[in-house]
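**Q** Got a structure here, written out as structure tokens. Questions coming.
The values are calculated or read from the model by the stated rules, or taken from the named source; none is laboratory data. These numbers were taken from a predicted model, which means no experiment stands behind them. Neighbour counts are summed over all protein chains in view; Cβ atoms, including those assigned to glycine, are modelled from backbone coordinates with ideal geometry. Surface accessibility is based on the protein's heavy atoms, side chains included, excluding ligands, DNA and RNA. Shrake-Rupley method; radii C 1.70, N 1.55, O 1.52, S 1.80 Å.
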Amino acid sequence: MRLIVSFAALFLSVILLQLSTGGVGPLDAISGLTLNFTREQIGLLGSGHFLGFFIGCWWAPRLMGNVGHSRAFAVCTALGAMGLLGHTLTENPYAWAAMRMASGLCVAGCYTVIEAWLNAKVTNETRGRAMGTYRLADLSASLAAQLIIAVLPPASYISYNLLAVLCCAALLPLTLTRASQPEIPDAPRLRPKLAWRCSPLAVAGVIVAALSSASFRMVGPVYGQEVGLEIGQIAFFLASFVLGGALAQYPMGWLADKYDRRWVLIWLSGAAILSCGVTMAASGTGTLGVMLTAGVFGFTTFPIFSVSAAHANDFATSAERVELSAALMFWYALGAIASPYVSSALIDAYGPAALFAYVAAGHLLLIVFGLSRMRARPVPEERTSYVYAPRTSFTIGRLLKRTRERRK
């Protein structure tokens, strides 16, 4: 309890931020359908978000180094609120895509500050409990953010203003806390080649994880509308995906620690292909079938990023772990930028089933590549422990570094 109280401001800011920025994605997709945007234009909104996220991941550590934690957090939340409020000024999809870049930058910047602050304040004794509470707060708020579109009318002034209010409210806990700001950490160097040198399979895994997650979360509402779900049902459809992913962390972590992680990735991808096929087959079986298959899809695809990150860390030195985390986030962001637009174009050309056919194709390639990599080198003698790796900022590696080493 003392731990929760000491980090209450950080965790409350995470919850409010996630409710705001996590809710704008599905709301934008539903609003785009209401305003007769094309499928490609709706996908472009998701791509714009991840382009802003990528820029924010690179820029935020440098901004924090120049102006400090609280001011950097204020700048990023202001950009996020401006992007949300700008939706009410125009109904142009390309202008909305630019505004979604602001929301993506807000997410990356705010999480950079929160994770840098959290890393500076935790000790080796409290790190595990602090990370557990942080993940619980983040995942719970992410789940609630998917449900929020059930009560927010699409393309509405009130809806976007409410999300902007939540974004602004995220400022209050962190800026009003009486806790002293920590020292400014150095920004991690971005070395994309480091991830490829440590594990080409891990790079392929995080790209496929981006293909799965970004496509579903940003274009999932379009799929839901195509298969006949109502707005409230689409909210539960997206929430089922997040819940399935959250429930997968412990069993997949146990498997990744017990068996060769390459086999775990291969079997996860095989299960993901199967879940894609079941989801396509269940599209006409009613609401319950669609919800259950979304949960299974999340269960099989969500852990792939963390398993890939754990596999890459097995081949990295202690000094490389922070930069490796940033490099993996770089590859994830690249995959996430392209995926929403590609998947929405495929839905427009071939129908809703094309979304899951696209994801299944990505996982099939990952299986083939994984099998080929198993011949390249043996399993390392010493392995790091599986750790759930949030896809939030380039600085998350600092929080996870000691956890991996302590459990080695």
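**Q** Output the residues belonging to the range 70-90 that are within 17 Å of P173 (Cβ to Cβ) and crowded, with 22+ Cβ neighbours inside 10 Å.
**A** Of everything in the range 70-90, those that are within 17 Å of P173 (Cβ to Cβ) and crowded, with 22+ Cβ neighbours inside 10 Å turn out to be A72, F73, C76, T77, G80, A81.
Residue by residue, here is whether (1) more than 18 Å from A376 (Cβ to Cβ); (2) within 19 Å of the chain's Cα centre (by Cα) holds:
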position: A202; (1), (2): no, yes
position: G232; (1), (2): yes, no
position: A235; (1), (2): yes, yes
position: S240; (1), (2): yes, yes
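**Q** Okay, next question. Is there a residue in the range 332-339 that is without any contact (Cβ under 8 Å) to a residue 40 or more places away in the chain, out of contact with any Phe, Trp or Tyr (no Cβ under 6 Å at 6 or more places or on another chain), open to solvent by 10 Å² or more (accessible area, probe 1.4 Å) and not small (G, A, S)?
**A** No - not one qualifying residue is present in the range 332-339.
**Q** Sort through A60, A97 and tell me the only one that's open to solvent by less than 20 Å² (accessible area, probe 1.4 Å), under 22 Å from the mean Cα position of the chain (by Cα) and either closer than 18 Å to Y157 by Cα or polar (S, T, N, Q) (or both).
**A** The conditions single out A97.
**Q** Given the criterion farther than 30 Å from L35 by Cβ and of a type in the set (S, T, Y), identify the matching residue among S103, S159, S70.
**A** Every option except S70 fails the conditions.
**Q** Check S385, S318 and return the single one that is in contact with a Lys or Arg (Cβ under 7 Å, 6 or more places away or on another chain), surrounded by fewer than 19 Cβ atoms within 10 Å (Cβ to Cβ), of a type in the set (S, T, N, Q) and over 22 Å from R217 (Cβ atoms).
**A** The match here is S385.
**Q** Which numbered condition trips up Y223, out of (1) under 14 Å from V290 (Cα atoms); (2) of a type in the set (S, T, Y); (3) open to solvent by 20 Å² or more (accessible area, probe 1.4 Å)?
**A** (3)
**Q** Applying the selection to the range 265-277, what residues are more than 21 Å from the chain's Cα centre (by Cα) and either open to solvent by less than 70 Å² (accessible area, probe 1.4 Å) or in contact (Cβ under 8 Å) with a residue 40 or more places away in the chain (or both)?
**A** Within the range 265-277, I266, G270, G277 meet the criteria.
**Q** Next up: Going residue by residue through the range 369-377, is there one that turns out to be open to solvent by less than 40 Å² (accessible area, probe 1.4 Å) and either in a helix (DSSP H, G or I) or touching a strand residue (DSSP E or B) at 6+ places or on another chain (Cβ under 6 Å) (or both)?
**A** Among the residues of the range 369-377, at least one is open to solvent by less than 40 Å² (accessible area, probe 1.4 Å) and either in a helix (DSSP H, G or I) or touching a strand residue (DSSP E or B) at 6+ places or on another chain (Cβ under 6 Å) (or both), which makes the answer yes.
**Q** Only one of R191, R178, R217 is among the basic types (K, R), modelled with pLDDT under 90 and over 21 Å from the mean Cα position of the chain (by Cα). Can you tell me which?
**A** Exactly one of R191, R178, R217 is among the basic types (K, R), modelled with pLDDT under 90 and over 21 Å from the mean Cα position of the chain (by Cα), namely R178.
**Q** Select, from L27, L51, L45, L33, the only residue that is of a type outside the set (V, I, T), under 20 Å from L147 (Cα atoms) and open to solvent by 20 Å² or more (accessible area, probe 1.4 Å).
**A** Testing whether each residue is of a type outside the set (V, I, T), under 20 Å from L147 (Cα atoms) and open to solvent by 20 Å² or more (accessible area, probe 1.4 Å) leaves just L33.
**Q** Please work out which residue is modelled with the highest pLDDT, limiting yourself to the range 355-388 and to residues that are of a type in the set (G, A, S) and over 21 Å from G295 (Cβ atoms). Can you show your working first?
**A** So the first thing to find is which residues in the range 355-388 are of a type in the set (G, A, S), and the list is 357, 360-362, 370, 372, 376, 385.
Next cut, over 21 Å from G295 (Cβ atoms) only: 361, 370, 372, 376, 385.
Values: A361: 95, G370: 91, S372: 89, A376: 74, S385: 76.
Result: A361.
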